[in-house]
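Asker: Structure incoming, see below.
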Amino acid sequence: MNDNLQALKQKKLFLFDIDGTIAVGDTLYEGSKELLDYIDRIGGKAYYITNNSTKSGKDYVTKFQECFHLETDEEQFVTAGYLTLRFLLRHYADRTIYCMGTHSFIDELRRHGLTVTEKCQDDIACVVVAYDSELSYEKLCETSKVLLTMDVPFYATNPDLRCPIDFGFIPDCGAMCGLLSATTDKNPTYLGKPSKKVVDLCLKLSGFSPEETLVVGDRLYTDIACGINGGVDTCVLFTGEAKEKDLKDTPYQPTYAFASVKELYLACQ
């Protein structure tokens, strides 16, 4: 690990997780802007493959501009919410979808023509649960009702158990699904990272090769697993969930490991 730094210098396509990797909350980590500027200088491309589905690509463009003073476009944000949207458009375009998620996520589904309900009703074709920062006990009860009274597929945006924040962590989609699974004995199929489709889509959009690609994240079982599943090199940063001691027992061994995004930037020089 970290032995072949020359190969690191050849990377052109960087697939970044956001929370705990290049930023926390509204604060950009030291070294993130320098690394992004470096990627621009070498003719590369940065994509953001976050499992945070509380925001749409449009919302992230606004946040990056207002909070980080970084110019981006919607195409650069391949979120778990976006992958879920693509899946639902392929398989449930003319069906009714029950969704537990933020207003932003549900509005995004509806904006693309999907029929979404937040209430238990007879014509529901599937259940979708997203990371919901507006979660209420009423929502958990309604979702449990659908899962217990209807025999329909159960999907979720991502398996992350916790999301990094300035004081530590808050419950993520995987933890919310844990509550529902413990209540209903039903487990979801996850659609975001660590699916290889995340990497496949970024390669298709960018035109770069797998050899030129690096997945960068702070979580082994989603970020690093995603890169491994997609057949590209990976880099874990110890600024979020994963710690160096975790590398001893994980099946998801990264190609590179650094203490911070600043150290990754320096290694790329």
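Read the figures in this text as sums done on the coordinates, not as results from a lab. Predicted model, so just to flag it, every value in this text is computed and none were measured. Neighbour counts run over all protein chains shown; Cβ positions are idealised from the backbone, glycine included.
Asker: What are the extents of the Cα atoms of segment 1-80 along their three principal axes, in Å, largest first?
Answerer: For segment 1-80, the Cα extents along the three principal axes come out at 37, 24, 23 Å.
Asker: Compute the Cα gyration tensor for the chain, then decide on rounded, prolate or oblate, letting a ≥ b ≥ c be the square roots of its eigenvalues: rounded whenever a/c is under 1.5, prolate when a/b is larger than b/c in the other cases, and oblate in all that remain.
Answerer: prolate
Asker: Once both axes come from the Cα atoms, what is the angle between helix 137-149 and the longest principal axis of the chain, in degrees from 0 to 90, rounded to 10?
Answerer: With both axes taken from Cα atoms, the answer is about 70 degrees.
Asker: If you find the alpha carbon centre of segment 51-80 and of segment 91-125, how far apart are they in angstrom?
Answerer: Rounded to whole Å, the Cα centres lie 22 Å apart.
Asker: Sort 268, 67 so the one with the fewest other Cβ atoms within 10 Å of its own Cβ comes first.
Answerer: Listing 268, 67 from fewest to most nearby Cβ atoms yields 67, 268.
Asker: If Lys and Arg each add +1 and Asp and Glu each add -1, what is the summed charge of the other residues whose beta carbon sits under 10 Å from the beta carbon of residue 262?
Answerer: Cβ neighbours under 10 Å give a net charge of -3.
Asker: Separate question: Any idea how far apart residue 34 and residue 211 come out in nm if each label point goes 7 Å out from Cα toward Cβ?
Answerer: Modelled inter-label distance: 3.0 nm.
Asker: Out of every Cα-Cα pair in segment 84-190, what percent are more than 21 Å apart?
Answerer: 30 percent
Asker: For a test of the definition: using alpha carbon positions, the gyration tensor, and the 1.5 limit on a/c, classify segment 160-269 as rounded, prolate or oblate.
Answerer: Cα axes put segment 160-269 in the oblate bin.
Asker: Quick check: net charge around residue 101, other residues with Cβ under 12 Å of its Cβ, Lys/Arg +1 and Asp/Glu -1?
Answerer: -2
Asker: Got the relative contact order for the chain handy, in percent, Cα pairs under 8 Å and 6 or more residues apart?
Answerer: 22 percent
Asker: Follow-up. Only loop residues by DSSP count here, and only those with at most 16 other Cβ atoms within 10 Å; note down the chymotrypsin sites (Phe, Trp or Tyr not before Pro) in segment 89-174 that meet that.
Answerer: When the chymotrypsin sites (Phe, Trp or Tyr not before Pro) of segment 89-174 are filtered for loop state and at most 16 Cβ neighbours within 10 Å, 167 remain.
Asker: Can I ask one more? Within segment 157-255, report the trypsin sites (Lys or Arg not before Pro) that DSSP leaves as loop and that have at most 15 other Cβ atoms within 10 Å.
Answerer: 243
Asker: A follow-up question, please. Mean residue ellipticity at 222 nm from the helices of the chain, using -39,500 (n - 2.57) per DSSP H segment of n ≥ 4 over the full residue count, to the nearest 500 deg cm²/dmol?
Answerer: -10500 deg cm²/dmol
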